[in-house]
Amino acid sequence: MEGKEVTRIYANTLPERAEKGVNGSYVIIEVKAEVNLNVQPKQPTQADLEKKKERDRMQGGPGLRAGWSTGGMTSIRAMP
(Lines give C-alpha, C1' and ligand atoms only; values in the text may rest on other atoms or scores of the structure.)
Protein backbone atom coordinates (compact mmCIF):
# COMPACT_ATOMS: atom_id res chain seq x y z
CA MET A 1 0.00 0.00 0.00
CA GLU A 2 1.65 3.14 -1.20
CA GLY A 3 1.91 5.92 1.39
CA LYS A 4 0.64 3.75 4.25
CA GLU A 5 2.75 2.09 6.91
CA VAL A 6 1.59 -0.24 9.70
CA THR A 7 2.84 1.21 12.98
CA ARG A 8 1.26 -1.13 15.57
CA ILE A 9 -0.82 -4.30 15.74
CA TYR A 10 -2.30 -5.49 19.04
CA ALA A 11 -5.40 -6.97 20.67
CA ASN A 12 -7.84 -5.11 22.90
CA THR A 13 -11.06 -5.83 24.77
CA LEU A 14 -12.73 -2.78 23.16
CA PRO A 15 -12.72 -1.74 19.48
CA GLU A 16 -10.53 1.30 20.13
CA ARG A 17 -6.90 2.35 20.45
CA ALA A 18 -5.00 1.67 23.66
CA GLU A 19 -1.58 2.52 25.04
CA LYS A 20 -1.05 -1.12 25.93
CA GLY A 21 -2.75 -4.06 24.22
CA VAL A 22 -4.53 -6.75 26.24
CA ASN A 23 -5.83 -10.23 25.46
CA GLY A 24 -9.14 -9.34 23.83
CA SER A 25 -11.35 -10.18 20.89
CA TYR A 26 -10.50 -7.06 18.85
CA VAL A 27 -7.37 -6.70 16.74
CA ILE A 28 -6.27 -3.08 16.36
CA ILE A 29 -4.10 -2.20 13.36
CA GLU A 30 -2.68 1.31 13.49
CA VAL A 31 -1.37 2.79 10.27
CA LYS A 32 0.51 5.93 9.36
CA ALA A 33 -0.97 7.37 6.17
CA GLU A 34 0.55 10.17 4.18
CA VAL A 35 -1.96 12.49 2.55
CA ASN A 36 -1.10 14.56 -0.51
CA LEU A 37 -3.08 17.80 -0.18
CA ASN A 38 -2.05 18.91 -3.67
CA VAL A 39 -3.88 16.12 -5.49
CA GLN A 40 -6.16 17.43 -8.24
CA PRO A 41 -9.38 15.67 -9.30
CA LYS A 42 -9.30 13.77 -12.56
CA GLN A 43 -10.46 15.98 -15.42
CA PRO A 44 -13.44 14.66 -17.42
CA THR A 45 -12.71 13.18 -20.82
CA GLN A 46 -14.52 14.22 -23.99
CA ALA A 47 -16.58 11.01 -23.67
CA ASP A 48 -17.58 11.99 -20.10
CA LEU A 49 -18.67 15.45 -21.32
CA GLU A 50 -20.73 13.89 -24.13
CA LYS A 51 -22.45 11.53 -21.66
CA LYS A 52 -23.29 14.48 -19.40
CA LYS A 53 -24.62 16.47 -22.36
CA GLU A 54 -26.88 13.57 -23.39
CA ARG A 55 -28.04 13.01 -19.78
CA ASP A 56 -28.89 16.71 -19.42
CA ARG A 57 -30.77 16.62 -22.74
CA MET A 58 -32.80 13.59 -21.63
CA GLN A 59 -33.67 15.30 -18.32
CA GLY A 60 -34.82 18.54 -19.92
CA GLY A 61 -31.59 20.54 -19.76
CA PRO A 62 -28.82 21.28 -17.30
CA GLY A 63 -30.08 21.78 -13.78
CA LEU A 64 -33.56 20.38 -14.42
CA ARG A 65 -34.36 17.18 -12.61
CA ALA A 66 -37.46 15.14 -11.86
CA GLY A 67 -39.71 16.91 -9.41
CA TRP A 68 -38.66 20.42 -10.43
CA SER A 69 -41.26 22.52 -12.20
CA THR A 70 -40.33 24.57 -15.24
CA GLY A 71 -43.69 26.31 -14.69
CA GLY A 72 -43.19 29.46 -16.74
CA MET A 73 -44.03 32.97 -15.70
CA THR A 74 -46.56 33.61 -12.97
CA SER A 75 -47.98 37.04 -12.36
CA ILE A 76 -48.48 38.10 -8.76
CA ARG A 77 -50.64 41.09 -8.05
CA ALA A 78 -49.91 43.20 -5.01
CA MET A 79 -52.68 43.34 -2.41
CA PRO A 80 -54.24 46.80 -2.01
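The values are calculated or read from the model by the stated rules, or taken from the named source; none is laboratory data. Here the structure is a predicted model, which means the values were calculated and not measured. Backbone-built Cβ (ideal geometry, glycine too); neighbour counts: all protein chains shown. Areas reflect the complete protein model, heavy atoms only, side chains present, ligands, DNA and RNA absent. Shrake-Rupley method; radii C 1.70, N 1.55, O 1.52, S 1.80 Å.
Taking a cut-off of 20 Å between Cα atoms, list the aspartates and glutamates near Lys4, but don't count ones fewer than 8 places away on the same chain.
Result set, ordered by chain and number: Glu16, Glu30, Glu34.
How charged is the neighbourhood of Glu50? Take every other residue with its Cβ under 15 Å from the Cβ of Glu50, and add Lys/Arg as +1 and Asp/Glu as -1.
Around Glu50, the charge tally is +2.
Carbon and sulfur: what percent of region 1-51's accessible surface (1.4 Å probe)? If you can, show how the numbers build up before the last one.
Working: 2550 of 4840 Å².
Ligands and nucleic acids excluded, carbon and sulfur give 53 percent.
For region 1-51, what is the accessible area per residue in Å², given a 1.4 Å probe and the full set of protein chains? Walk me through the numbers on the way to the answer.
On the way: 4840 Å² over 51 residues.
Ligands and nucleic acids excluded, the result is 95 Å² per residue.
Which length gain, in nm to one decimal place, applies between Glu30 and Lys52 when the Cα-Cα distance is subtracted from 0.36 nm times their residue separation?
Stretched out fully, the Glu30 to Lys52 stretch lengthens by 3.8 nm.
With a sphere of radius 14 Å drawn around the Cβ of Ile9, what net charge do the other residues whose Cβ falls strictly inside it have (Lys, Arg +1; Asp, Glu -1)? Show your work: numbers first, answer last.
Working: positive: Lys4, Arg8, Arg17, Lys20, Lys32; negative: Glu5, Glu30.
Counting the neighbours of Ile9, the net charge comes to +3.
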